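Readers should treat all values here as calculations from the given coordinates under stated rules, not as data from a laboratory. On a predicted model such as this, the values are computed, not experimentally measured, just so you know. Here the Cβ positions follow ideal geometry from the backbone for every residue, glycine too, while neighbour counts run over all protein chains shown.
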Amino acid sequence: MEGFIIGQATFPAREIEPGLYLVATPIGNLGDMTVRGLEVLASADTIACEDTRVTGKLLKHFAIATRMTAYHEHNADKAGPKLLEMLREGARVALVSDAGTPLVSDPGYRLVEAARAEGLPVWPVPGASAPIAALAASGMPSDTFLFDGFLPTKTNARRKRLGELRDIPATLIFFESPNRLAECLADIAAELGETRRLAVCRELTKLHEEVRSGGAGELAQAYAGQKVKGEIVLVLAPPADDETNAIDTDALLAELLETASVSRAAAQAAELTGRPRRELYQRALELSGGKRKK
């Protein structure tokens, strides 16, 4: 155990208990690395990480010499048992992701699950987390929220998933690729409504940090055709809690279909509820038995 360096100051490593340590790492700004996290990384027998090159840069910055071992989605079946054996023998293993808090969109939960099943100690060492940072910066309600990782990459599957989440009374948080941002925003506007409040949080804690908020339709137009770079988190406000959204859409459509065509009934229901017309048209078609009344 040699210790670590912050700026011009050198800190000695300290003795830590055996067990699995879940160490959060910065999502961009190295200044967000916690002192406790550095102590654990410097004192551990090994650091299990997604990419040794990425974690190696972090360790080099703080002059930490602890050896690393790769543990990621593609080798978890082989690397996991080896790490468990080390823990059984009393080792101190630090688990990190490339950025942020371990177990958020990475395979670390398997190792934690296996360690806890055997009664091995697991210690959280909290710190930076992109979903939580985005939620805090977005201005969206934070009392109830759902993190859903990455949405499906294909349009149909993505729209289906958005439809499943549409009425959940919670703020929704997603990761998204910059290459798919414009398409994703267009799908959000189509499935959740153009007025659904949304924040695009890009490059959080980094030099070009940006948090842009507005209606889903407005942001879909703003990013259409743009080449975007960086890490992106999307934060969507809960559905509006008012009378129009509380309307039973099936009952409303059934009533409208008594005197209006499928198309007209869908248009009127969209005006009353604020829901996407395309979605209501499809539902009206189903309720009418597939008949397009003229």
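Some notes on this structure:
- Hull-based mean projected area of the stretch 4-128, where the convex hull spans the alpha carbons, in square nanometres: 6.8
- Note that the stretch 195-210 has calculated 3J(HN,Hα) couplings of 9, 4, 5, 8, 10, 9, 9, 10, 6, 4, 6, 9, 4, 9, 4, 8 Hz, one per residue in order, obtained from phi through the Karplus relation 6.51 cos²θ - 1.76 cosθ + 1.60 (θ = phi - 60°); glycine and proline are x.
- Ranked by the mean number of other Cβ atoms within 10 Å of their residues, highest first, the peptides 274-284, 143-153 come out as 274-284, 143-153.
- With only Cα atoms counted, the stretch 131-236 has Rg and Dmax values of 12.4, 36 Å.
- In the frame of its principal axes, the chain has Cα extents of 79, 41, 30 Å, reported largest first.
- For the stretch 243-287, a simple Cβ point-charge model (Lys and Arg +1, Asp and Glu -1, everything else neutral) yields a dipole of about 260 debye relative to the Cα centre.
- Peptides 249-256, 222-229 ordered by average Cβ neighbours within 10 Å, highest first: 249-256, 222-229
- With Cα atoms as the point set, the radius of gyration and Dmax of the stretch 243-287 evaluate to 8.9, 25 Å.
- The simple Förster model, with R0 at 41 Å and r as the Cβ-Cβ distance, assigns THR195 and ALA117 a FRET efficiency of 0.30.
- About the Cα centre, charge dipole magnitude for the stretch 171-263 (Lys/Arg +1, Asp/Glu -1 at Cβ), debye: 760
- Given +1 at the Cβ of Lys and Arg, -1 at the Cβ of Asp and Glu and no other charges, the dipole of the chain around its Cα centre is 980 debye to the nearest 20.
- For the residue pairs LYS60/LYS229; LYS206/LYS229; LYS78/LYS154; LYS60/LYS206, the C-alpha atoms sit more than 22 angstrom apart in LYS60/LYS229; LYS78/LYS154.
- When shorter helices are ignored and each DSSP H run of at least 4 residues is given -39500 (n - 2.57), the per-residue value for the chain at 222 nm works out to -11500 deg cm²/dmol.
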